[in-house]
Amino acid sequence: QKEVEQNSGPLSVPEGAIASLNCTYSDRGSQSFFWYRQYSGKSPELIMFIYSNGDKEDGRFTAQLNKASQYVSLLIRDSQPSDSATYLCAVNVAAGNKLTFGGGTRVLVKP
Amino acid sequence: SAVISQKPSRDICQRGTSLTIQCQVDSQVTMMFWYRQQPGQSLTLIATANQGSEATYESGFVIDKFPISRPNLTFSTLTVSNMSPEDSSIYLCSVQLGNTIYFGEGSWLTVV
């Protein structure tokens, strides 16, 4: 079992709709959770991070964390074609702030 | 956030040669990391670059293949030694600032 798992997609979303991305992790000791966006040919850019159970909102993005069920999700509201990218879930599974990445979910927002 | 500069941004290398990638940060940081992203894959941590001591390598990565230097709190280098086509990847420097980890622009290496 992979430590961090994501559906590879592509997740096809109409413009203006909500894109919902999920990520599960295996280590119950994981402390912090990150979502990165990566455009083709570019390096990952941080969207947001979350540490506590519940929701965290930042603009059109909402991260949701459920440690009991070991999943973290990302909602993108009012999806735009510019949101078309690969979204990487990363988890801090050990001390030292090393990140373990999921395989990424490709999102395609269609006008 | 931090400004993280990597050099080179892109290179085409002959197999059997070595290439050193530089990472410069605009502020002092304790933790610096090197990741690899092979074509179509996600990111894999190569090593943690420790200032003043040897780097800590992840399983599957060895110092002879990926020697790392960290002479101060703003700079690190990663060398990819004796390159083969399997080393064609994006190599990413990352730093921890506060509770967050940021990435440089990456170095795109193609080995022919």
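The values are calculated or read from the model by the stated rules, or taken from the named source; none is laboratory data. This one's a predicted model, so the numbers in the text were calculated from it and none came from an experiment. Don't worry about glycine lacking a Cβ; one is built from the backbone with ideal geometry, like all the others, and counts go over all protein chains shown. Each accessible area value is taken on the protein alone, full model and side chains, heavy atoms only, with ligands, DNA and RNA left out. Shrake-Rupley method; radii C 1.70, N 1.55, O 1.52, S 1.80 Å.
Put simply, of B:L92, B:L97, B:L78 the only residue that is open to solvent by less than 40 Å² (accessible area, probe 1.4 Å), within 16 Å of B:M32 (Cβ to Cβ), within 13 Å of chain A (Cβ to nearest Cβ) and not small (G, A, S) is B:L92.
What are the residues in the range B:101-112 that are closer than 17 Å to B:M32 by Cβ and either among the aliphatic types (A, V, I, L, M) or free of Cβ contacts under 8 Å to residues at least 40 places away in the same chain (or both), if any? Residue satisfying the conditions is B:I101 alone. Of all positions in the range A:95-111, at least one carries a residue that is touching a Ser or Thr at 6+ places or on another chain (Cβ under 6 Å) and among the basic types (K, R).
The lone criterion from (1) within 14 Å of chain B (Cβ to nearest Cβ); (2) open to solvent by less than 50 Å² (accessible area, probe 1.4 Å); (3) under 11 Å from the mean Cα position of the chain (by Cα); (4) among the small types (G, A, S) left unmet by A:A85 is number (3). Regarding the range A:66-82, can at least one residue be identified that is in contact with a Ser or Thr (Cβ under 6 Å, 6 or more places away or on another chain) and crowded, with 18+ Cβ neighbours inside 10 Å? Scanning the range A:66-82 turns up no residue that is in contact with a Ser or Thr (Cβ under 6 Å, 6 or more places away or on another chain) and crowded, with 18+ Cβ neighbours inside 10 Å. Every test in (1) more than 14 Å from B:T20 (Cα to Cα); (2) open to solvent by 50 Å² or more (accessible area, probe 1.4 Å); (3) more than 12 Å from chain A (Cβ to nearest Cβ) is passed by B:T110 save one, and that test is (1). When restricted to residues that are part of a loop (DSSP other than H, G, I, E, B) and in contact (Cβ under 8 Å) with a residue 24 or more places away in the chain, the range B:18-59 contains 9.
Here A:R28 clears all of (1) surrounded by 13 or more Cβ atoms within 10 Å (Cβ to Cβ); (2) assigned to a loop (DSSP other than H, G, I, E, B); (3) touching a Lys or Arg at 6+ places or on another chain (Cβ under 8 Å) except the condition numbered (1). Output the residue which, of all residues in the range A:35-48 that are facing chain B (nearest Cβ under 9 Å) and either at pLDDT below 95 or over 20 Å from A:E3 (Cβ atoms) (or both), is most open to solvent (accessible area, probe 1.4 Å). Looking at residues that are facing chain B (nearest Cβ under 9 Å) and either at pLDDT below 95 or over 20 Å from A:E3 (Cβ atoms) (or both), I get A:K42. Taking the criterion of being assigned to a strand (DSSP E or B) and either within 14 Å of chain B (Cβ to nearest Cβ) or of a type in the set (S, T, N, Q) (or both), the residues of the range A:1-20 that qualify are A:V4, A:E5, A:Q6, A:S12, A:S20.
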